[in-house]
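The structure appears right after this line, and notes come after that.
The values are calculated or read from the model by the stated rules, or taken from the named source; none is laboratory data. Keep in mind the model is a prediction, meaning the values are calculated, not measured. Cβ: placed from backbone, ideal geometry, glycine included. Neighbour counts: every protein chain shown. Surface areas here come from the heavy atoms of the whole protein model, side chains and all, with no ligands, DNA or RNA. Shrake-Rupley method; radii C 1.70, N 1.55, O 1.52, S 1.80 Å.
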Amino acid sequence: MDVGNPRVVLASSSPARKAVLRAAGVFPDVLVPGVDEVFSAPDTARRVCEIARLKGAAAREMIGETPGEPTVLIAADTMLDIDGVSYGKPHDMDVARQRLHAMSGGSGVLYTGHYVAVAMAGGRWRELVDVAATTVRFASMTDDEIEAYLDTGEPLEVAGSFTIDGLGGPFVAGIEGDPSNVVGLSLPLLRLMLARLDVSWTSLWGTRAILLKQH
């Protein structure tokens with residue numbers, strides 16, 4: 001299925017996910033579907049897939065079941081798994097503090113569920129859901145470092161209470177797997193999912209990416 005140069009829609013309020021796509025030459029429109037991030041799946045990998053699918057389904061309703069132009073829709077959800085326990089965004093200072101102390105000097109697996117749907121102009125959607133996993137090793141943090149990091153507010157609104165592309169980067173000792181997945185979207189996985197839907201990754205680059213390269 002040749003979708004030409006499709007409209008790309010990112011169903012996420014995450015500036016990090018948007019930045020990952022833009023750095024890779026993809027300039028998405030952003031939709032933020034209102035979804036309660038509840039799950040019934042028994043493990044972290046299936047939980048993030050379940051929530052990603054819910055976000056994608058909500059965004060599809062916003063766009064319509066038969067888009068007026070070729071469209072690629074991307075939704076995602078991320079959680080950190082430590083010893084079988086799933087950690088999303090803490091939202092609370094005390095919760096984030098406890099997590100950072102527990103993570104310090106240890107490791108976890110960062111799972112991101114990816115939902116991708118593709119539709120031709122006037123056609124119906126085809127969809128896939130898949131998951132990427134990256135092991136993250138955390139540096140040992142002092143109490144003062146944890147408190148200083150908490151004071152920035154960053155750990156409260158990110159999955160697992162840390163970032164690799166922001167203020168939390170110096171506290172990540174190493175990773176095993178795809179680094180873009182830790183930011184919130186696995187570019188290699190997205191490329192493969194699109195290929196399974198007969199869409200080439202390079203078709204998403206578009207005119208803006210070419211102009212960006214020229215300048």
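So the values come out like this:
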{"item": "Residue among GLY25, GLY56, GLY68 that alone is part of a loop (DSSP other than H, G, I, E, B), touching a residue at least 24 places away in the same chain (Cβ under 8 Å) and out of contact with any Lys or Arg (no Cβ under 9 Å at 6 or more places or on another chain)", "result": "GLY68"}
{"item": "Positions within the stretch 110-130 being open to solvent by 50 Å² or more (accessible area, probe 1.4 Å) and on the phi < 0 side of the Ramachandran plot, in sequence order", "result": "TYR111, MET120, ALA121, ARG124, ARG126, GLU127"}
{"item": "Tally of residues being exposed (fewer than 15 other Cβ atoms within 10 Å of the Cβ) and assigned to a loop (DSSP other than H, G, I, E, B) across the stretch 79-96", "result": "4"}
{"item": "Search result, residues across the stretch 58-86 that are over 16 Å from the mean Cα position of the chain (by Cα), within 24 Å of TRP201 (Cβ to Cβ) and among the hydrophobic types (A, V, I, L, M, F, W, C)", "result": "ILE63"}
{"item": "Residue within the stretch 102-109 that is in contact with an Asp or Glu (Cβ under 8 Å, 6 or more places away or on another chain), modelled with pLDDT of 95 or more, among the aliphatic types (A, V, I, L, M) and open to solvent by less than 10 Å² (accessible area, probe 1.4 Å) present", "result": "no"}
